[in-house]
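Some notes on the structure that comes next.
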Amino acid sequence: MFHSRSESVISERNGVRDCKPQTLPLFLKAGTLLILSSCLGVPPAVSSQLETSTNTETEVLVYGKEQEIVEAIERSRDAQVVDTFPNALDYTLSVLLAHAYPVQKTEELVRHTIDAVCKEIESLGHTNIPASQRNSWVDTASQTKSFELVLNEIEAIADGEVKRDQLVNAGLPAMLSATGSKVAGVLGVPQAEWLTNLIEARSKPSEERGLLGIDASDWPTIKVLPDTLAAEAGLRDGDVVLRVNTKDVAEIKTIADALRSLRGATGTNLSMTIERGAQTLTFNIRRESAAERIKASVIDPGIVYIKIPDFEGSGIAMRVKNLVREHVTLTTPAIILDLRDNSAGRPEETNGVADIFLDEKYLQIFQFKNGRRVAFKSKPGSLIVRVILLTNQNTASCAEMLALALHDNRRATVIGQTTAGALCGKEFEKLADGRMITFRGEPTVLSPTGQDYSEIGFPPDIVVDVSEDSNEDEILARAIEFVRSAERKDLSQKPTR
């Protein structure tokens, strides 16, 4: 729990509560937030809305067990073994119904699939399949949860002119599209290999994999993520790798090899030689943890600015908390948390940051396919200071969760662009031929008030249209101007003595 640094001084004159900012405590005990937040111009949370969003069947837990709950759901499912299915359509249907979609949706998924398969053979010059025949196939496949009999009949109609793979490849994207999810699709073998290795890399504890910010999906040509160690070192999009440490690129043949060569423990160094046009350049990068990457500074007019690149790894919430303690004073007008391009991480770290500013408030609700709902709450004690969050279209996943937690509890103003909408599980399953299907999984993350922004994104309070040719950080500039305006408003509303 955070404790008061000094006693608050609140006096009343003519029925008006007057707070003296220079003596207000930064860290308040539970129960005092609602009294003092109104004095600082921060509206109190509307707890009645939050209570409404969590019905009597919703479990309410103090944050910290988010990942544990999701993993328990994963372990409870029956494993789907791809080799036991006669075709990729059967496997995909089984996976979708087991992981994410209700059984009642079976007929809809099947119908879209069969329509696409029929369209494929019709495009090759065969007679149009009558609606009655299609309906019969839909009934058969829906009841058996298998397309095998239907595929056999269609192959017979095509008289050997259409291969089974053609039919499956026509039906597979149609089935995934029928889910209505933007994240559903089919990845080719190279993309599947890249994603498999990326998932493996991210499963490692953060201490075992220092972060670089290099996208090697088009190896040996690289992409460099913004605000990362690679970007700071001087690497650029389009650089072609010639050597990593002591290995020539000829020895690093696959994407899996590339990821293994880039991966390393926090605190270790990586040397990379690249080709950029006619130049050959070498860069030395020290791998850092996500927590080490978080930096704070004081910018005009006394605003504390904290950039959080991502929530990957442990110690992030503690790092932010320590930076706040070091930089925030009694006269700090606002904290700006920059969540732009923050797209991954651990929910418990996200909620640990939200907990700094919230006093026993709902953070988010996890909603599962089986109807289970779990709401997470912050702990007692909170910091009283105006909070500004910066977002863009690459603000995703855990960063969006932080924005929703603070915004719905009326503890932050969001400035920038609509977020990515990555507020649902995204699952991946490999097919027998090496390709991979992607689809929406569990859980869906709802805001504290029960709103679902998954796949549509969360709109900011203040939208900033960024000019492509501008050298100014327009979103940050707008946030600073907002703080200045809020300060002027606070002063104008302060009662005269």
Assess whether Asp461 counts as being at pLDDT 95 or above, within 21 Å of Leu337 (Cα to Cα), surrounded by fewer than 16 Cβ atoms within 10 Å (Cβ to Cβ) and charged (D, E, K, R). yes
List every residue pair whose Cβ atoms sit under 7 Å apart, with the two residues 6 or more apart in sequence or on different chains, where the first one lies in the range 96-116 and is part of a helix (DSSP H, G or I) and the second, anywhere, is at pLDDT 80 or above and among the polar types (S, T, N, Q). Leu96/Thr179; Leu97/Thr106; Thr106/Ser142; Glu107/Ser142; Val110/Ser142; His112/Ser177
Do we find that Gly345 is touching a residue at least 40 places away in the same chain (Cβ under 8 Å) and on the phi > 0 side of the Ramachandran plot in this structure? yes
Of residues in the range 186-227 being modelled with pLDDT under 85 and among the β-branched types (Val, Ile, Thr), the one surrounded by the most Cβ atoms within 10 Å (Cβ to Cβ): Thr196
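Yes/no matrix, rows are residues, columns are (1) crowded, with 16+ Cβ neighbours inside 10 Å; (2) modelled with pLDDT of 85 or more:
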| residue | (1), (2) |
| --- | --- |
| Ile69 | yes, no |
| Asp83 | no, no |
| Pro86 | no, yes |
| Tyr101 | yes, no |
| Thr106 | yes, yes |
Return the residues of the range 397-431 that are in a loop (DSSP other than H, G, I, E, B) and not β-branched (Val, Ile, Thr); say none if nothing qualifies. Ser397, Asn409, Arg410, Arg411, Ala412, Gln417, Ala420, Gly421, Ala422, Leu423, Leu431
Name every residue in the range 418-444 that is at pLDDT 95 or above and in contact with a strand residue (DSSP E or B) (Cβ under 6 Å, 6 or more places away or on another chain), in order of residue number. Thr419
Asn322 fails exactly one of the following numbered conditions: (1) under 23 Å from Ala396 (Cβ atoms); (2) at pLDDT 95 or above. What is the number of that condition? (1)
Would you confirm whether any residue within the range 281-295 is touching a Gly at 6+ places or on another chain (Cβ under 7 Å), over 24 Å from Gln417 (Cα atoms), part of a loop (DSSP other than H, G, I, E, B) and modelled with pLDDT under 90? yes
Residues within the range 401-411 that are more than 15 Å from the chain's Cα centre (by Cα) and within 20 Å of Ser454 (Cβ to Cβ), tallied: 4
Can we say Asn394 is in a loop (DSSP other than H, G, I, E, B) and over 30 Å from Ser177 (Cβ atoms)? no
By my count, strands (runs of 3 or more DSSP E) wholly in the range 304-381 with at least 2 residues that are over 18 Å from His407 (Cα atoms) and assigned by TED's automatic domain parsing to the domain that holds Ala477 are 373-377
Can you go through Ala170, Ala156 and tell me which one is free of Cβ contacts under 8 Å to residues at least 24 places away in the same chain and either buried (at least 18 other Cβ atoms within 10 Å of the Cβ) or of a type outside the set (Val, Ile, Thr) (or both)? Ala156
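The values are calculated or read from the model by the stated rules, or taken from the named source; none is laboratory data. Since this is a predicted model, take the numbers as computed values, not measurements. Note: ideal-geometry Cβ built from the backbone for every residue, glycine included; neighbour counts use all protein chains shown.
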